[in-house]
Every structure is written in structure tokens, then in C-alpha cells.
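Right, one structure below, let's go through it.
The values are calculated or read from the model by the stated rules, or taken from the named source; none is laboratory data. Here the structure is a predicted model, which is why all the values come from computation and not from measurement. Cβ atoms come from the backbone with ideal geometry, glycine included; neighbour counts cover every protein chain shown. The protein model used for the area step is the full one, side chains on, heavy atoms only, and it has no ligands, DNA or RNA in it. Shrake-Rupley method; radii C 1.70, N 1.55, O 1.52, S 1.80 Å.
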Amino acid sequence: MLRPAGFRRGAVALFAAVLLVGLGGCGSGLDRDALRDANGSLTSEIVLPAADARAPGTGAEAGPIADGQGTPDGSVSDPSSGGTAGAGAPTAARTGGSAAAGSPGTAGVGGGGSGGARPAGAGSSSIAGRTAPGAGSGASAAGGRPGGSSPSAADGPAPAPGSTTGAPALASPGGEILLGSFGTASGPIGAQLAAIPVAIRAWVASVNARGGINGRPVRVIFGDDGGDPGKALAIARRMVEEDKVRALFATFGATTIQAVTPYVEQRQVPIIGAAGANPVEDQSPMVFNPQVGADLGVTRAFVTTLVAQSPARKVALLYCREAATCQNGAQRIKEYAPTKGVTVIYEQAISLAQPDYTAEMFSAQRAGAEAVFVYIDFASMIRIERSAHRQGWHPVFVGGVSINEDGFAKGGSEVEGTLLSSATTPYATSPTLVDYREAVARYVPGGQLGGTGATAWVQGKLFERIGGLIKGDITPAALLDALYSLKDETLGGTVPPITFPKGAHATVNLCTVPLKMVGGKITAPLGDTFVCAT
């Protein structure tokens with residue numbers, strides 16, 4: 001079980017690298033006109049925490065920044081693009097209604113409104129000389145939007161009275177559906193999580209292009225917690241209490257979600273989809289993941305993918321020593337392995353910082369291991385495999401679901417034959433995810449594709465499914481009722497049949513698709529077949 005306290009900050013950052021491996025940072029520009037033509041009322045925002053962000057009502061708070069206002073050509077960059085922001089401090093508080101300037105890791109995203117006092121060092125109130133529509137002295141950053149949210153990137157400048165924009169407006173009975181997504185979008189962790197916000201943006205554009213959900217347009221606001229649990233909680237409270245989001249959605253706080261789950265449990269606000277990278281997600285009754293979770297599903301997948309694809313049963317287990325979650329994962333693997341006839345005959349905690357793993361490979365070989373489970377990031381896994389091969393040893397290597405990314409293939413011949421698994425049907429080949437691949441290509445050209453991006457897309461499909469069941473106002477309570485009403489839901493075949501009970505959701509989905517590295521590509525020898533742990 002993840003321990004929410006007691007980590008050093010450096011260890012937390014390393015933990016994120018472990019569980020979110022293979023998610024290379026690849027920001028991309030979105031053409032605002034193309035988005036407007038596609039979906040009319042798409043909005044993507046960033047909610048940036050102040051350097052001293054506190055809970056609402058205690059002083060400085062996170063402030064929303066409108067997308068698409070901040071670059072000279074009107075384009076919108078992905079929040080994890082890592083480009084250079086305009087003038088200003090890394091983050092700036094919203095004081096007196098002003099919206100902050102951009103931060104590293106959220107480059108090219110929106111200019112802030114200019115109303116009210118700004119903290120020292122906050123810098124310019126806009127990027128590239130632009131100001132969010134509706135902002136002004138003493139004005140809310142929302143520009144009059146309900147819930148304190150900023151104008152849409154697709155909205156562009158406010159039209160003159162009586163004029164119309166080029167996009168047909170979606171009918172919106174009951175109003176727009178506002179969702180909040182937060183996690184670590186900046187810095188090195190944000191670069192690894194790039195596939196998630198890309199998938200969210202593509203999903204919002206796609207669903208609005210298809211008429212929204214029951215005619216209601218969808219809007220998502222993003223929050224960057226910077227890997228700080230306190231900021232994650234402040235952002236979640238801001239989204240729920242001020243922005244009035246209907247739910248938290250496709251969160252990616254691998255090292256921060258544990259600070260938020262007690263709050264959403266108390267408020268009865270669902271988190272619909274999370275990264276599957278923190279065991280706390282499995283235990284909270286308010287986290288609804290359609291894919292496997294980090295505590296049981298991800299760890300048992302090591303065993304099921306080996307048994308499905310190899311006769312090897314004597315295993316060496318390597319896991320990172322920098323974070324308690326790695327130790328939890330190793331323990332879960334050891335608990336489950338004997339039920340499938342797999343024996344862990346050698347185990348060793350290792351460091352992400354090691355340049356070489358020859359000693360560990362030599363010891364594993366001497367112990368008689370036929371396969372090696374590696375609970376670590378893909379870069380370290382490549383070095384581990386290289387260390388074994390230099391000794392002329394070629395066991396079966398098995399990695400986790402987070403290695404299901406194009407970046408792992410850069411290991412070349414060293415990773416040939418590696419076994420891994422997918423939390424959804426395979427993102428690169430499955431016909432059930434053609435819409436994911438096409439939506440990213442259309443709405444986020446050049447955006448990162450990957451296994452975790454596919455899970456965020458499927459989480460969007462889950463929201464479409466339950467949102468479509470609600471005929472009245474989409475409230476947190478209505479969403480919870482809809483989630484509990486699902487029975488053996490497969491979301492178009494992208495996940496095995498799932499049903500959400502009231503209580504913890506650790507065993508809702510224990511199924512993954514076995515994968516294998518063949519010819520420098522991630523392949524699915526069994527097709528879209530899910531193999532499920534018991």
C-alpha cells in the first residue's frame with residue numbers, strides 16, 4: 001500500500017518515473033480554427049497552482065488560464081509540452097480575480113486577465129500580449145462563466161453584438177458538462193505523462209464534434225499539481241467548490257492522488273478514471289477505473305502475461321528501492337505468483353540510478369531463474385536486459401503495463417522478445433481503438449500515443465456511457481447512480497466486462513492483454529484477448 005507520508009521529495013519524483021514509464025513528453029500545437037470547425041464549444045484550460053497555493057478561502061489560490069489566448073498564431077500547446085512560457089514566475093496566484101501567466105510545462109497556454117493585484121514576481125498578466133476574454137480590473141477570470149471557469153480556446157475573442165462565429169453551437173440542455181482533470185503536467189514527470197492530456201483533448205474534441213453528450217457540450221479544465229500533494233488537494237477543492245465540476249476525470253496524479261481521495265470521499269464526488277499508478281486508487285470507493293489498478297491488477301499482470309506466453313516458471317524479481325509502491329508491487333507479485341505455479345527464486349531491490357546491473361543478473365542466473373520480472377522504468381529495464389545479454393544470458397524478461405509505449409522499442413535488439421501487457425485493447429493495433437488513433441491525429445496532430453493515453457481515452461468512453469444514461473442534470477450524485485447501474489460493461493470491447501460495486505474497486509478489472517516485443521514493435525500475439533487474474 002502506498003504510504004502517503006514519509007517520502008522524500010526526490011523519492012516521490014523517482015516513483016513517478018517508475019510507474020509512468022514510457023510516456024515520453026511530446027507537446028503539440030492545436031489549430032484553433034480546426035478545433036472550432038470540429039466541435040464548436042471545446043474548451044481546454046490549465047488551472048495553475050500558486051507557489052504558495054492553499055485551500056480556497058485561505059489566501060492565494062490556483063487560477064484558471066484560458067487556452068489558445070497566449071501564442072501569436074492563436075495555437076494551443078499541450079500542457080506538458082515543456083516549451084517556454086511568457087513572462088512570469090513559474091506559477092502565479094489569482095489575486096483579486098486575475099488569471100496567472102503560464103508556467104514551465106504549460107507553455108503556450110493562455111494569457112491571464114489583468115484585474116486586481118498580482119503577487120511580486122508574477123510577471124506579465126498575459127502571454128504574447130493577449131488577455132483572456134472577459135478579464136479586467138476587478139473581474140473574475142471566468143469572464144462571466146458559471147463556476148469561475150475561463151473562456152474556451154475554441155471561443156476565441158468575444159464576437160461583436162449580433163455577430164456569429166463560424167462554428168455551429170451545440171445545443172446544451174442542462175448546460176455544459178464541466179469536468180476537472182489534474183495531475184503532474186510540468187517538469188520531467190509531466191513529460192512522461194504527455195499521452196494523458198493529449199488523449200483527453202482528443203476525446204473532448206471528438207465527443208463535441210459528435211454533438212456532445214445528450215446535446216450537452218463537454219469542457220475539461222486541467223490542473224498541474226507539480227507533484228505536490230498539497231497543491232493537488234487545493235486544485236481538487238477549487239475545481240469542486242468554485243468551478244463546480246461535475247466530476248474529476250482522467251486524473252494523472254501518480255504521487256499526489258492519495259491527498260485527494262479522502263476529500264472526494266467526504267464530498268461524494270467521483271473520480272472517473274485515474275492513471276492506474278497509485279495503489280490508493282484501488283482502495284477508494286470514489287475512484288472508478290475501467291482498467292486495471294496499481295495494487296492488484298497491474299502487479300498480477302506480470303504473472304498472467306508470463307503464463308500466457310512462456311513455459312518459464314522460475315522467476316527473478318527486481319524492483320526499485322526508491323519508493324514504497326515498488327515494494328508493495330513486489331509483495332503483491334510474490335503473493336499471487338504461487339497460485340499460477342510461478343516461483344520467485346531470487347529477488348532484489350535495485351536503484352533507478354544504477355548504470356549497470358551485471359551483479360544482479362549474475363546472481364539471478366546462478367539462482368536458476370528462467371524469467372525476470374522487472375518492476376521499474378523502461379530505461380532501467382533496457383539497461384538490465386543489456387547487462388544480462390553481455391553475460392550471454394537470455395532469460396524471458398517481463399515488464400509492466402506502463403512499458404506499453406512506443407519509447408520502449410528504442411531499446412532495439414536488447415528488448416526483443418520482452419513480454420509486457422496492455423490495460424486496454426492494444427492502442428496501436430486494435431480495431432476497437434481506431435477512434436482514439438484517428439482523434440489524436442486529427443485534433444492533436446503529432447500528439448503522444450501510448451498505452452496510458454489509451455486508458456484516458458477509454459475513461460472518456462466511460463463518461464460518455466454514464467452521461468448518456470442521465471436525462472436530467474448531470475450531478476455527482478447522478479453520475480454515481482449511473483456508474484453503479486453498469487453491469488458487465490465493455491465500453492465497445494476496449495475492456496473486459498466491468499461492474500462497479502459500492503466500496504473499493506480493486507477487483508473490478510484484473511484483466512490485461514498480453515503483449516510481446518517482436519521486430520522492434522509491440523505486438524499482441526493473442527490479439528485483443530484479455531487474460532484475467534483470479
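Data for the structure
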| quantity | calculated |
| --- | --- |
| Among (1) touching a residue at least 40 places away in the same chain (Cβ under 8 Å); (2) crowded, with 16+ Cβ neighbours inside 10 Å; (3) assigned to a helix (DSSP H, G or I) - the single one Ala369 does not satisfy | (3) |
| Top-ranked residue in region 201-224 [being charged (D, E, K, R) and within 25 Å of Leu469 (Cβ to Cβ); ranked as most open to solvent (accessible area, probe 1.4 Å)] | Arg210 |
| Candidate set from region 372-387 (those that are at pLDDT 90 or above and surrounded by fewer than 24 Cβ atoms within 10 Å (Cβ to Cβ)); member that is nearest to Phe302 (Cα to Cα) | Ile382 |
| So Ala359, is it modelled with pLDDT of 95 or more and more than 14 Å from Phe373 (Cα to Cα) | yes |
| Test: residue in region 320-340 that is free of Cβ contacts under 8 Å to residues at least 40 places away in the same chain, basic (Lys, Arg) and over 23 Å from Ala275 (Cα atoms) | yes |
| Extreme residue, nearest to Val344 (Cα to Cα), among residues of region 382-403 that are in contact (Cβ under 8 Å) with a residue 60 or more places away in the chain and assigned to a helix (DSSP H, G or I) | Ile384 |
| Single residue of region 460-490 satisfying the filter (in contact with a strand residue (DSSP E or B) (Cβ under 8 Å, 6 or more places away or on another chain) and either assigned to a strand (DSSP E or B) or open to solvent by 10 Å² or more (accessible area, probe 1.4 Å) (or both)) that is farthest from Thr425 (Cα to Cα) | Pro476 |
| Qualifying residues in region 307-329 (those that are crowded, with 23+ Cβ neighbours inside 10 Å and of a type in the set (Gly, Ala, Ser)) - the one farthest from the chain's Cα centre (by Cα) | Ala316 |
| Filtered residue count, region 225-257, keeping only those that are modelled with pLDDT under 95, in contact with a Leu (Cβ under 7 Å, 6 or more places away or on another chain) and either under 20 Å from Asp481 (Cβ atoms) or open to solvent by 10 Å² or more (accessible area, probe 1.4 Å) (or both) | 0 |
| Test: residue in region 296-306 that is open to solvent by less than 10 Å² (accessible area, probe 1.4 Å) and closer than 14 Å to Ser181 by Cα | no |
| Selection from region 504-522 of residues that are open to solvent by less than 60 Å² (accessible area, probe 1.4 Å) and over 23 Å from the mean Cα position of the chain (by Cα) | Met517, Gly520 |
| Which listed residue is without any contact (Cβ under 8 Å) to a residue 12 or more places away in the chain and either in contact with a strand residue (DSSP E or B) (Cβ under 6 Å, 6 or more places away or on another chain) or not basic (Lys, Arg) (or both), from Gln258, Gln291, Gln266, Gln283 | Gln266 |
| Number of positions in region 408-431 that are within 26 Å of Ser206 (Cα to Cα) and under 20 Å from the mean Cα position of the chain (by Cα) | 7 |
| Any chance Thr507 is in contact with a helix residue (DSSP H, G or I) (Cβ under 6 Å, 6 or more places away or on another chain) and either farther than 22 Å from Asp435 by Cβ or at pLDDT 95 or above (or both) | no |
| Residue in region 432-444 that is under 13 Å from Met517 (Cα atoms) and open to solvent by 50 Å² or more (accessible area, probe 1.4 Å) present | no |
| Residue list for region 404-425, filter: crowded, with 24+ Cβ neighbours inside 10 Å, assigned to a loop (DSSP other than H, G, I, E, B) and at pLDDT 95 or above | Thr418, Ala423, Thr424, Thr425 |
| Matching option when the condition is of a type in the set (Phe, Trp, Tyr) and not in a strand (DSSP E or B), among Tyr336, Tyr346 | Tyr336 |
| Residue that is nearest to the chain's Cα centre (by Cα) [pool: residues in region 241-281 that are among the charged types (D, E, K, R) and closer than 21 Å to Val458 by Cβ] | Glu281 |
| Residue in region 303-314 that is among the aliphatic types (A, V, I, L, M) and not in a helix (DSSP H, G or I) present | yes |
